[in-house]
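Beneath this line is the structure, given in structure tokens, with notes to follow.
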Ligand code: SF4
Ligand code: SF4
């Protein structure tokens, strides 16, 4: 892998390669460039999971012609598909190295978790939602119990925005979670359950089920399950599998129905 990346950088196939570098025993994201080829000695293949494609999005927004190489697992590739169809990256400028190909020795866990699943404590089991549940498991509770269990989860939120900040496919310049007409700013806990429902709806057609939001959440809220339910609805109702195909159209709840009359921009405003 190091030889291939070195060749790509030297030949100009890529201008930057985003991968992992071992620092003090920890795999950390690193941008390798042809100006510092010696750093490639530290390039490692690792099952570590950071949103490398989010770094690519930031770089591409500043330098749209930059040719970017990325070490990628399955979720990175799905995220790149989403970012491509939403015009956040130009797929023609992206080259990937599969971290999980047969020769690498890096296995991709089925559910992409690299941390041991957290065993819920007795109180969470009694009143909350176990993060390991499937949507069907959570739906087995009757409606009022399901509601109170989700409210228990949401009320733990400390509005740190970690779930949004780590998410590889959260790219809006203006975030609904900070829009004062939608969500009150300042007080804790945030408006429950609006804060979480706004984000869940917003992730429709974007969430690629990487689980990073849940791993980042300091309050251990079952976020991944919530977004899995959204994905399940998209699949069942719209036959849309988010990130499965670089050629799929961006997901739109309205489909081809245009409900607003187009009108020219008002130059005075
Ligand atoms: S699982 Fe969470 S972090 Fe990953 S894409 Fe979905 S919302 Fe974003
Ligand atoms: S990471 Fe968890 S605690 Fe932080 S804003 Fe998101 S849901 Fe709330």
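One table, with the values for the structure above:
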| read-out | value |
| --- | --- |
| Segment 166-184, subset loosely packed, with under 14 Cβ neighbours inside 10 Å and within 20 Å of the chain's Cα centre (by Cα), residue nearest to ligand 1 (Cβ to nearest atom) | 172 |
| Members of segment 13-39 found to be farther than 16 Å from residue 96 by Cα and in contact with a helix residue (DSSP H, G or I) (Cβ under 7 Å, 6 or more places away or on another chain), listed by number | 21, 22, 34, 37 |
| Some residue of segment 223-238 being away from ligand 1 (no atom under 16 Å from the Cβ), part of a helix (DSSP H, G or I) and in contact (Cβ under 8 Å) with a residue 12 or more places away in the chain | yes |
| Filtered residues of segment 40-63 (kept if exposed (fewer than 12 other Cβ atoms within 10 Å of the Cβ) and in contact with a helix residue (DSSP H, G or I) (Cβ under 9 Å, 6 or more places away or on another chain)) | 41 |
| Yes/no for residue 98 being under 24 Å from the mean Cα position of the chain (by Cα), modelled with pLDDT under 85, surrounded by fewer than 18 Cβ atoms within 10 Å (Cβ to Cβ) and not assigned by TED's automatic domain parsing to the domain that holds residue 216 | no |
| Filtered residue count, segment 4-52, keeping only those that are part of a loop (DSSP other than H, G, I, E, B) and touching a strand residue (DSSP E or B) at 6+ places or on another chain (Cβ under 8 Å) | 7 |
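Let's see how each residue does on (1) farther than 22 Å from residue 214 by Cα; (2) in contact (Cβ under 8 Å) with a residue 24 or more places away in the chain:
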{"residue": "12", "(1), (2)": "yes, yes"}
{"residue": "21", "(1), (2)": "yes, no"}
{"residue": "53", "(1), (2)": "no, yes"}
{"residue": "60", "(1), (2)": "yes, yes"}
{"residue": "76", "(1), (2)": "no, yes"}
{"residue": "84", "(1), (2)": "yes, yes"}
{"residue": "88", "(1), (2)": "yes, yes"}
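The values are calculated or read from the model by the stated rules, or taken from the named source; none is laboratory data. Keep in mind that this is a model prediction, so the values were computed, not measured. When we count neighbours, we look across all protein chains shown, and the Cβ atoms used for this are built from the backbone with ideal geometry, even at glycine.
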